[in-house]
Structures are given as C-alpha cells and as structure tokens.
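Everything below concerns the one structure shown next.
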Amino acid sequence: MTSPDALQADRRTMSLLDGRALALAAICACLAALWQFPSPYDGNGDTVWLLIVAGRMLDGARLYVDVIETNPPMSILLYVPGVWLSRQFGGAPELWMYAQVSAMAALSIWAVTGLSRHAGFETSRDRVMFGLLVGFVLLIMPTRCFGQREHVALIALLPYAVLTAARWHGAFRPPLWLALAVGAGAGLGLAIKPHFALILGLVHLAMLVRAGGLRDRWLQGFPGDLRAGRLIPPESLVAGALLLAYVASVFRFYPAFFADIYPRLALAYLPHKLTIAEFLATPATLIVALAGAFTLFARFGRMSALGLALLAASLGGFAAYAIQFKGWPYHQIPALGFMLIAFGALALTNAGEASRETLLRQRFACVGMMALFGGWGPGLLAAHETPRALEAEIRARTSSPTLLIASSNLGINFPLVRRVGGTWAGRSASLWMSEGASALLTVETRPDRRARLVELFDLDRKLFVEDALRARPDVIALSAFDAPTDLLPWAKADPRMADLLAGYRQTAHVDGMRVLVRVDLLTGAGNAVAAANPTGR
C-alpha cells in the first residue's frame with residue numbers, strides 16, 4: 001500500500017524516476033528511428049495513401065468529394081501534422097509522421113512507466129525493465145506497420161489501461177491534469193475506431209471482477225468505488241465526451257461520408273469477410289489460444305491488477321479485430337501489443353499470495369510468451385508488397401511521373417508512387433468498389449442488390465476514366481495477372497478511355513501489371529526501342 005506521504009508527493013509532480021523514464025523513452029524513439037526507417041518511402045500502403053489525402057486536404061480538396069477515402073475523417077486528420085511540418089521545414093512527410101508517432105510513443109512510455117509503480121512494481125529496476133518492454137512494443141514491433149491507425153490507437157489507449165489498474169491496485173488518485181491527458185489519449189483512440197471502446201470496457205469489467213465479483217461489488221462497493229473515482233473516473237468522461245464530439249463533427253462537417261461513402265462501403269466492402277475456418281487460423285486467434293493455454297499452465301490464480309487489466313485490454317483488441325473479420329495483420333496490433341505487455345507485467349509483479357514455486361512457474365510462462373510474441377510480432381507486421389520490377393520499369397521510362405494505377409490492391413499502388421518520386425493522379429487509392437461489386441455479383445441473387453452492385457461497378461470505372469482524362473498521366477498501369485483479371489478491356493469499355501489509350505504504348509508486363517507510357521514521353525526521351533515494341537516483348 002502506498003503511504004500518504006508518497007501519495008502527496010505523487011500528486012505534486014512526477015518523480016525523478018519519471019524523468020528517467022522520459023529519457024529512456026526518448027532514447028528508444030531515436031534507436032527505433034535509426035533501426036526501422038532506412039528509407040522514408042518503404043512504409044505501408046495505407047499510411048502513404050493517407051498522407052497523400054492529408055496533403056490534398058491542406059491544398060483545399062474536399063474530403064469524400066474531391067478525394068475518395070473509405071475511412072472516417074480521423075484516419076486522415078492523424079496525418080495532417082506530418083504533411084504540414086514537411087511543408088514548413090522540408091523533408092519527406094513520412095519522416096515527419098514517423099517523428100510525430102515516435103513522440104506520441106515516448107509520452108506513452110513515460111506515462112505508463114511512471115504509473116506502473118502505483119500498479120505493483122516495487123523497484124526502479126522493474127519499472128525500467130517494464131519501460132523497455134513497452135518501448136519495444138510501441139517503437140520496434142510494428143515494423144512496416146509503424147504509424148498505422150491501430151498502432152496509434154495502441155499508443156493512445158495504453159496509459160488508460162495502466163491508470164485504471166493503478167486506481168484499483170491501491171489508493172492511487174492521479175493529479176487531475178494527468179487524468180485529463182490520459183482521457184484525451186483514450187478519446188483519440190476511440191475516434192480512430194469506435195469499436196476500441198471494447199478495450200476500455202473490458203479493462204473496467206476485469207477490475208470489477210477482480211475486486212470481488214460484479215454482484216457484490218455493485219451492491220456493497222459501489223459508493224466507495226464511486227467516491228474513489230474508480231467506476232466513473234475523469235479520464236472516462238473525457239474519452240466519452242471527445243468521442244461524442246467527434247461523431248457530431250463528422251455529421252456536421254463531413255456529411256458526404258454518411259451520405260455517399262458509407263452506403264458504398266456497406267454494399268461492396270463490409271460484406272467481404274473471412275470464413276470461420278480462415279478466421280480461426282489467423283495469427284491473432286492463435287495468439288489468444290496460446291495465451292489462454294499459458295495462463296492455465298502457469299496457474300496464475302489471483303493476478304496482479306496491472307497484468308489482468310492488460311490481458312483484458314488484449315481481449316478487447318481481439319474482439320475489435322473479430323468485429324472487422326478481415327484478418328489483416330495490422331488489425332492485430334492492439335491485441336498483440338497489449339498481450340505482450342501484459343505478460344511482461346505479470347513476469348515482473350507478484351499478486352501477493354503466490355508461493356515461490358508458483359511465482360517461478362508464472363514468470364517462466366510469461367517469459368516464454370514474451371519471447372514468442374516478441375519474435376512473432378515483428379515478422380507478422382513486416383510483410384508488405386514489393387513490386388520492384390514495376391518500380392524499375394517506371395524509373396527507366398520517366399522521372400517524377402504522374403501515375404494512375406488500376407488495381408484493387410492498395411499495397412501495389414503505395415508506397416510505389418512515393419518510391420519513384422511520382423504524383424498520384426487519382427481521386428481514390430484503389431478500385432475497391434469494382435472489386436467488391438464484381439465478387440458479390442457472382443453470389444448475389446436479389447435483383448435490387450444486383451442492380452446497385454452494377455451501378456457501383458460502373459461508378460468505379462467512371463471515376464477512373466475521369467481521372468485519366470483530366471490528368472493524362474505519364475504512366476498508367478493496369479492489373480493483368482491473367483486473362484480474367486486483365487483490366488485493359490475493362491478500361492477500354494469506355495470509348496473515351498479507348499481514345500486516350502491510343503496515345504500510350506505498353507512497355508512491359510511486370511508484377512502482374514501492364515505498364516502503359518505516353519508515346520510523347522517515349523519518343524521525347526529517345527526510347528525508340530520501346531516505342532517500336534509496344535507489346536514490351
């Protein structure tokens with residue numbers, strides 16, 4: 001139990017340890033930047049595209065009208081600071097985004113390391129070790145998914161879980177400024193994807209169960225818990241208020257998202273989900289199963305508040321992953337990150353009544369899980385598209401090109417555009433509408449839905465053709481892995497596109513893409529061979 005004198009000191013200011021934690025976080029951020037980002041143009045496709053959208057917003061483009069994006073506004077607003085800073089001080093937007101997210105991670109590490117001493121960590125050594133683990137999870141583990149929305153959400157929500165554990169572990173009541181700051185971070189996490197509210201809800205539920213059962217706690221402990229700020233803490237009120245304000249602002253300032261974008265998503269995107277068998281075979285599902293097995297093996301019994309809160313947060317992250325049912329690696333970041341930190345906390349804390357044998361068994365299991373997740377996570381999140389042959393072909397034909405790529409795979413389009421120093425000519429990142437519509441048309445039997453899917457399929461081509469006619473890009477690449485997926489006939493079905501493509505020549509067929517280059521660029525650059533061999537053979 002923390003003494004009154006110690007509590008009073010905590011309320012006045014952060015201790016020297018917290019200053020060391022901040023220095024530790026800064027060092028981790030610098031090391032992560034040096035190790036993880038040898039090239040600013042080799043990140044993941046989502047973040048590169050969202051940086052482009054953020055830049056267009058700063059240029060005055062209307063989101064969901066002049067630029068088509070499938071995510072709510074917060075997914076773009078996250079990246080506006082990086083683009084704005086790059087324009088003010090120079091440098092790639094990606095680098096500024098990395099710096100922004102690293103700074104957020106450093107603050108999160110500082111906060112949770114300082115709070116951990118109120119949640120069961122008895123020595124400075126344990127707190128520093130915990131801070132190093134959190135630094136690994138937030139700064140190293142994401143690899144090519146660094147800066148993804150789920151990564152930012154993990155950074156923002158982690159202090160909330162640790163503060164909640166600290167409230168229930170003892171008599172800790174944080175300074176109001178700290179509670180408000182943690183609540184603001186949680187509000188940001190909820191605005192990124194509202195179903196992350198499952199993380200916060202399960203953390204509180206786990207603490208209630210640990211405190212003596214829901215029924216008894218509600219009947220007997222409710223007044224005391226309410227006065228102690230445990231049931232309705234200020235950080236919860238701030239997070240909820242920010243989420244409500246955000247939703248209201250989307251209705252007010254971005255009505256096109258609900259009027260135009262969401263109906264298209266509901267029709268052609270959201271129905272595409274994994275099968276039950278595919279979902280059960282995903283790494284996230286295996287992670288939860290392994291964690292459960294290790295928990296039973298270790299016979300944890302009455303876990304520390306911090307370990308239980310973080311395990312509950314991981315379960316909430318898995319539930320959010322299950323709601324989406326897509327199976328994409330970056331969707332697993334919250335579940336994986338909270339799980340790894342939870343087992344680190346359990347290895348470093350003691351519930352109080354465990355025997356030495358039980359404690360050793362617990363720590364052995366936790367260290368095993370940390371080693372497994374610590375090696376598995378970076379490998380899982382590092383996978384990304386590498387269309388190097390396509391990149392080399394574009395570089396060989398022109399420099400700083402304007403590009404338009406017809407593909408449903410956003411990972412092909414980005415960060416390729418940035419790697420070749422190009423400018424994206426389209427309003428949308430990929431042909432997600434036509435891909436979704438064509439797949440659903442093979443199984444949909446209801447006439448009304450089939451008609452709407454056909455309209456969406458035609459709309460995608462219409463937008464692509466309009467972008468091509470307006471920009472007349474230097475390079476147009478069309479997906480063509482095989483005859484059924486060849487998009488050249490799809491594009492030429494519009495007579496205007498057929499006329500435009502008469503001014504292009506195919507120079508190669510690489511990485512499953514037809515590469516079409518404007519004839520005037522080929523001849524102007526002296527590429528007579530390519531111009532004379534339009535098939536690229």
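The numbers here are math on the coordinates, done by the rules we state, and not lab data. Nothing here was measured: the structure is a model prediction, and the numbers come from that model. In this analysis, Cβ positions are derived from the backbone assuming ideal geometry, glycine residues included, and neighbour counts consider all displayed protein chains.
Structural descriptor for the stretch 77-205: relative contact order 23 percent, calculated from alpha carbon pairs under 8 angstrom and at least 6 residues apart. Highest mean packing first, where packing is the average number of other Cβ atoms within 10 Å per residue, the peptides 331-342, 197-208 line up as 331-342, 197-208.
Over the stretch 388-532, Cα pairs under 8 Å with separation of 6+ residues give a relative contact order of 26 percent. For the peptides 189-196, 259-266, residues were scored by their other Cβ atoms within 10 Å and the scores averaged per peptide; the highest-first order is 189-196, 259-266. Within the shell defined by Cβ-Cβ distances under 14 Å, the residues around residue 149 carry a net charge of -1, with Lys and Arg each +1 and Asp and Glu each -1. Taking a straight line from the alpha carbon of residue 462, these lysines sit under 24 Å away, with near neighbours fewer than eight places off in the same chain left out: 492.
Working note: Karplus 6.51/-1.76/1.60 with θ = phi - 60° gives the stretch 394-409 the couplings 5, 4, 6, 9, 6, 10, 6, x, 8, 10, 9, 10, 8, 7, 7, 9 Hz, where Gly and Pro are set to x.
By the rule of a C-alpha distance below 22 Å, with chain neighbours fewer than 8 residues away ignored, the lysines paired with residue 326 are 193, 273. Each peptide in 43-54, 404-415, 495-506 receives the mean, over its residues, of other Cβ atoms within 10 Å, and ordering these scores from highest gives 43-54, 404-415, 495-506.
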